[in-house]
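For reference, the structure I am asking about is given below.
The values are calculated or read from the model by the stated rules, or taken from the named source; none is laboratory data. Predicted model, so just to flag it, every value in this text is computed and none were measured. No Cβ is skipped: glycine too gets one built from the backbone with ideal geometry, and neighbour counts run over all protein chains shown. Keep in mind that these areas ignore ligands, DNA and RNA; they rest on the heavy atoms of the full protein, side chains included. Shrake-Rupley method; radii C 1.70, N 1.55, O 1.52, S 1.80 Å.
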Amino acid sequence: AVLVESLLVFSTVLSVHAAVWDRFSWCAVALAVQAFYVQFKWDRLLQLGGAVFQFRGAANSGLLPASMVIPLLGVVMKERCRAAGSVYFERFGVVVASTGMLLALFLSVLAVGITKPVPTNTCILTGIAGSVIIYTMKHSLTVSEVIEVLEVLLIFVYLSMILLYLLPRCFTPGEALLVLGGVSFVLNQLIKRSLNVVEGRGDPIDFFLLVAVVGVVLLGLFFTVLFIFMDSGTWISSMFFHMMTAVLGLGVIMPWLYRLIQRNPLFWLLQFLFQTQTRLYLLVYWTFLAASACAVVFYQNAKRSSESKKHQASTITRKYFHFIVVATYVPGLIYDRQLLYVAAVLCLAVFIFLEYVRYFRIKPFGQTLRHLLSLFLDERDSGPLILTHIYLLLGMSLPVWLFPRSCAPKGTLPGAGALVPYSGVLAVGVGDTIASVFGSTMGEIKWPGTKKTFEGTMTAVFAQIIAVALILIFDSSVNLNSSYAWILASVTLVSLLEAYTTQIDNLLLPLYLQIMLM
């Protein structure tokens with residue numbers, strides 16, 4: 001299974017390399033080769049329990065698929081923005097690619113360093129790949145860009161040491177690279193933009209995303225340290241939690257956002273949300289869907305209490321939420337992507353805040369949330385945090401957030417790139433859902449080395465092709481320019497990756513589909 005997963009990742013890397021064919025795509029190939037070898041060292045460390053931190057069990061390290069996501073995103077963003085004539089974002093793509101390669105190399109060196117006896121061949125391979133990447137960075141990056149890349153690496157090292165210690169069994173090494181690497185990059189971008197504020201420059205919704213992500217992470221770190229010294233389940237601690245959340249929100253996050261967007265954030269948000277009648281209709285519709293999702297949770301819990309205390313939600317029941325999320329995102333993508341962008345940021349902040357309330361058992365809702373959500377746990381929620389619903393939201397939202405709007409003058413990219421914002425809907429909302437439902441109910445032929453079925457994968461590919469056809473009908477901005485073969489190949493590759501990967505597919509699949517479509 002690991003070998004097939006690696007083959008699928010290599011196919012993606014070589015596809016990007018063939019399309020781009022520059023020094024950075026060669027570096028991506030070198031990084032993929034060394035990550036393939038180092039991945040086995042990480043897997044061995046996880047099996048022997050010598051991986052320094054406690055990582056999520058029942059999964060391989062996932063180093064190769066995770067290592068290639070950020071570098072490939074940077075490479076394809078650089079190419080798209082170069083073609084559009086946007087020099088600033090072309091350089092931004094170079095920085096993203098270089099940062100991703102350096103973070104992946106750091107994890108590789110860490111694995112090689114703690115493996116006993118020292119794996120000589122892997123050390124040589126890592127050294128060669130590292131030399132190629134550093135030589136390329138030396139001749140491609142300016143001094144300020146090199147400093148920026150090193151800043152992200154420094155933030156990543158400290159965040160990893162803190163969060164992997166505080167949150168055992170929540171991530172595999174690959175998932176830690178993706179999540180903590182992304183948070184490190186966002187934090188560095190926020191610091192950089194806060195120090196270089198130019199009035200009128202930058203889109204407020206981009207600043208809103210940066211501040212929201214950094215704000216909820218800092219909030220979590222603050223309370224994690226605080227509740228080491230006091231019991232979080234008492235009423236006094238709960239009152240202190242709510243009071244300090246208000247203080248940090250109104251006293252730190254709001255002024256920070258005000259400095260960046262040069263206006264009152266609350267007034268800006270209200271004006272933005274109710275700017276047009278379409279937005280009002282979308283907000284009412286989304287409120288109805290949120291109420292429906294809550295109703296599913298309450299109904300399933302009532303069913304559990306009447307049947308058995310050990311009753312767990314089935315795969316099909318969990319996929320109800322995927323259908324609800326598809327129904328949420330598709331109208332937003334068709335009618336108002338900016339509103340969807342901001343609504344997804346707000347939803348992410350609310351999800352993470354509610355997870356803090358559940359994790360710290362904050363009164364009055366902490367214990368209730370623990371009881372309600374325990375019904376929907378699966379083997380991937382083996383740590384103290386429940387992250388699968390947050391990963392689902394991220395998987396649907398990242399293609400919207402990462403879409404290079406400045407490199408798409410008409411609001412859409414040419415050819416298959418027009419489907420980039422739909423990557424989450426196609427890969428997770430349609431493909432993963434259909435594969436799980438049909439595979440678990442009608443699947444008989446299993447893929448070698450996995451629990452996934454041939455029937456599930458094939459129906460997922462077929463369903464995504466139908467979804468693309470429906471997008472073409474209902475979204476007039478999408479024009480594929482006869483790139484149907486590439487779309488079919490991309491969808492098939494990502495569906496096969498879903499069958500073979502043991503990583504969080506809600507997070508990984510949309511990013512790989514986005515890379516292929518871009």
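Residues in segment 322-331: is at least one aromatic (Phe, Trp, Tyr), over 22 Å from the mean Cα position of the chain (by Cα), more than 21 Å from residue 403 (Cβ to Cβ) and part of a helix (DSSP H, G or I)?
no
Those residues that are touching a residue at least 12 places away in the same chain (Cβ under 8 Å) and assigned to a loop (DSSP other than H, G, I, E, B), I need them from segment 175-202; list them, please.
Within segment 175-202, 197, 199, 200, 202 meet the criteria.
Kindly indicate whether residue 130 is under 26 Å from the mean Cα position of the chain (by Cα) and either at pLDDT 95 or above or of a type in the set (S, T, N, Q) (or both).
In short, no.
Looking at residue 102, is it open to solvent by less than 30 Å² (accessible area, probe 1.4 Å), under 23 Å from the mean Cα position of the chain (by Cα) and either over 27 Å from residue 388 (Cβ atoms) or acidic (Asp, Glu) (or both)?
Taking the combined requirement at face value, the residue satisfies it.
Still on this structure: In segment 236-275, what residues are in contact (Cβ under 8 Å) with a residue 40 or more places away in the chain, among the small types (Gly, Ala, Ser) and either open to solvent by 40 Å² or more (accessible area, probe 1.4 Å) or under 19 Å from residue 350 (Cα atoms) (or both)?
Selection gives 238 alone.
Here is a yes/no grid of residues against (1) on the phi < 0 side of the Ramachandran plot; (2) touching a residue at least 60 places away in the same chain (Cβ under 8 Å); (3) among the aromatic types (Phe, Trp, Tyr):
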| residue | (1), (2), (3) |
| --- | --- |
| 101 | yes, yes, no |
| 107 | yes, yes, no |
| 119 | yes, yes, no |
| 122 | yes, yes, no |
| 143 | yes, no, no |
| 153 | yes, no, no |
| 165 | yes, yes, yes |
| 169 | no, yes, no |
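Given (1) open to solvent by less than 10 Å² (accessible area, probe 1.4 Å); (2) hydrophobic (A, V, I, L, M, F, W, C); (3) under 22 Å from the mean Cα position of the chain (by Cα), where does residue 111 come up short, assuming only one miss?
Checking residue 111 against (1) open to solvent by less than 10 Å² (accessible area, probe 1.4 Å); (2) hydrophobic (A, V, I, L, M, F, W, C); (3) under 22 Å from the mean Cα position of the chain (by Cα), the one that fails is (3).
Collect the residues in segment 83-99 that are charged (D, E, K, R) and open to solvent by less than 10 Å² (accessible area, probe 1.4 Å), keeping them in residue-number order.
Within segment 83-99, no residue meets the criteria.
Name the single residue, out of those in segment 37-60 being surrounded by fewer than 20 Cβ atoms within 10 Å (Cβ to Cβ) and under 22 Å from the mean Cα position of the chain (by Cα), that is nearest to residue 128 (Cα to Cα).
53
Whether any residue in segment 193-208 is within 17 Å of the chain's Cα centre (by Cα), open to solvent by 20 Å² or more (accessible area, probe 1.4 Å) and among the hydrophobic types (A, V, I, L, M, F, W, C) is what I want to check.
no
Identify, please: which residue in segment 469-481 is in contact (Cβ under 8 Å) with a residue 40 or more places away in the chain and open to solvent by 30 Å² or more (accessible area, probe 1.4 Å) and is, among those, farthest from residue 423 (Cα to Cα)?
481
Of all residues in segment 357-401, how many are in a helix (DSSP H, G or I), within 30 Å of residue 426 (Cα to Cα) and open to solvent by less than 30 Å² (accessible area, probe 1.4 Å)?
14
Being more than 24 Å from the chain's Cα centre (by Cα) and open to solvent by 50 Å² or more (accessible area, probe 1.4 Å), is that true of even one residue in segment 27-34?
no
Just one of 475, 505 is charged (D, E, K, R) and closer than 16 Å to residue 434 by Cα; which is it?
That would be 505, the only listed residue that is charged (D, E, K, R) and closer than 16 Å to residue 434 by Cα.
What's the number of the only condition in (1) surrounded by 22 or more Cβ atoms within 10 Å (Cβ to Cβ); (2) touching a residue at least 60 places away in the same chain (Cβ under 8 Å); (3) touching a helix residue (DSSP H, G or I) at 6+ places or on another chain (Cβ under 7 Å) that residue 132 fails to meet?
Here residue 132 meets the rest and fails (1).
So which residues in segment 404-421 are within 28 Å of residue 353 (Cβ to Cβ) and open to solvent by less than 20 Å² (accessible area, probe 1.4 Å)?
Of everything in segment 404-421, just one residue is within 28 Å of residue 353 (Cβ to Cβ) and open to solvent by less than 20 Å² (accessible area, probe 1.4 Å), namely 421.
Could you give me the residue pairs with C-beta distances under 6 Å whose first residue belongs to segment 3-29 and is in contact (Cβ under 8 Å) with a residue 60 or more places away in the chain, whose second residue is open to solvent by less than 30 Å² (accessible area, probe 1.4 Å) and not in a helix (DSSP H, G or I) wherever it lies, and which are 6+ apart or on separate chains?
5/501
Scanning for something part of a loop (DSSP other than H, G, I, E, B) and in contact with a Phe, Trp or Tyr (Cβ under 8 Å, 6 or more places away or on another chain), does segment 251-266 turn up at least one residue?
Yes, because at least one residue in segment 251-266 is part of a loop (DSSP other than H, G, I, E, B) and in contact with a Phe, Trp or Tyr (Cβ under 8 Å, 6 or more places away or on another chain).
While we're on this one: Residue under question is residue 127, and the condition is that it be in contact (Cβ under 8 Å) with a residue 40 or more places away in the chain and surrounded by 13 or more Cβ atoms within 10 Å (Cβ to Cβ); does it hold?
In short, no.
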